[in-house]
Amino acid sequence: QVQLVESGGGLAQPGGSLRLSCVVSGFTFSRYAMKWYRQAPGKERELVATITPIRGTTNYADSVKGRFTISRDFVKNTVYLQMNSLKPEDTTVYYCSTTADRVYWGQGTQVTVSS
């Protein structure tokens, strides 16, 4: 049974940092690309960051480039999203995702950036 469980969301001040974690179980983590998305109410889900399975190549949305970093730990079966220089517009729910036999999603973690 594939499971993705996010954590690490919360409240941060503008300019602050948070690190999101996504613990993966039930499939061979190293074989698939891992992605972080975010979705604000009434808006389309936005792909924030991707890390490829073998080389670990990363890609980012223009809105977060230079501020967010996606990484992974194969020992801990965990994908991270380090978010620095947070802005109020980063406020939303963040989801990790992967595509194996189908698309899998975590339950999401709320990030709020406010003073």
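The values are calculated or read from the model by the stated rules, or taken from the named source; none is laboratory data. Every value quoted in this text rests on a predicted model; they were computed, and no experiment measured them. Positions of Cβ are generated from backbone atoms using ideal geometry, with glycine treated the same way; all protein chains shown enter the neighbour counts. Side chains are part of the model used for accessible areas, which takes the heavy atoms of the whole protein and leaves out ligands, DNA and RNA. Shrake-Rupley method; radii C 1.70, N 1.55, O 1.52, S 1.80 Å.
Observations, loosely collected:
- The residue pairs whose first member lies in the stretch 64-86 and is farther than 18 Å from Gly16 by Cβ and touching a residue at least 24 places away in the same chain (Cβ under 8 Å), whose second member is among the basic types (Lys, Arg) and assigned to a strand (DSSP E or B), and whose beta carbons are closer than 9 Å, counting only pairs six or more residues apart or on different chains, are Ile70/Lys35; Thr78/Arg72; Val79/Lys35; Val79/Arg72.
- For the condition of a type in the set (Lys, Arg), within 23 Å of Ser25 (Cβ to Cβ) and over 14 Å from the mean Cα position of the chain (by Cα), Lys76 qualifies.
- On the stretch given as the stretch 95-114, residues that are at pLDDT below 95, open to solvent by 40 Å² or more (accessible area, probe 1.4 Å) and in a loop (DSSP other than H, G, I, E, B) total 2.
- Selected residue (criterion: most open to solvent (accessible area, probe 1.4 Å)) from residues of the stretch 10-47 that are among the polar types (S, T, N, Q) and in contact (Cβ under 8 Å) with a residue 40 or more places away in the chain: Gln13
- Just one of (1) polar (S, T, N, Q); (2) touching a Lys or Arg at 6+ places or on another chain (Cβ under 9 Å); (3) touching a residue at least 24 places away in the same chain (Cβ under 8 Å) fails for Thr50. It is (3).
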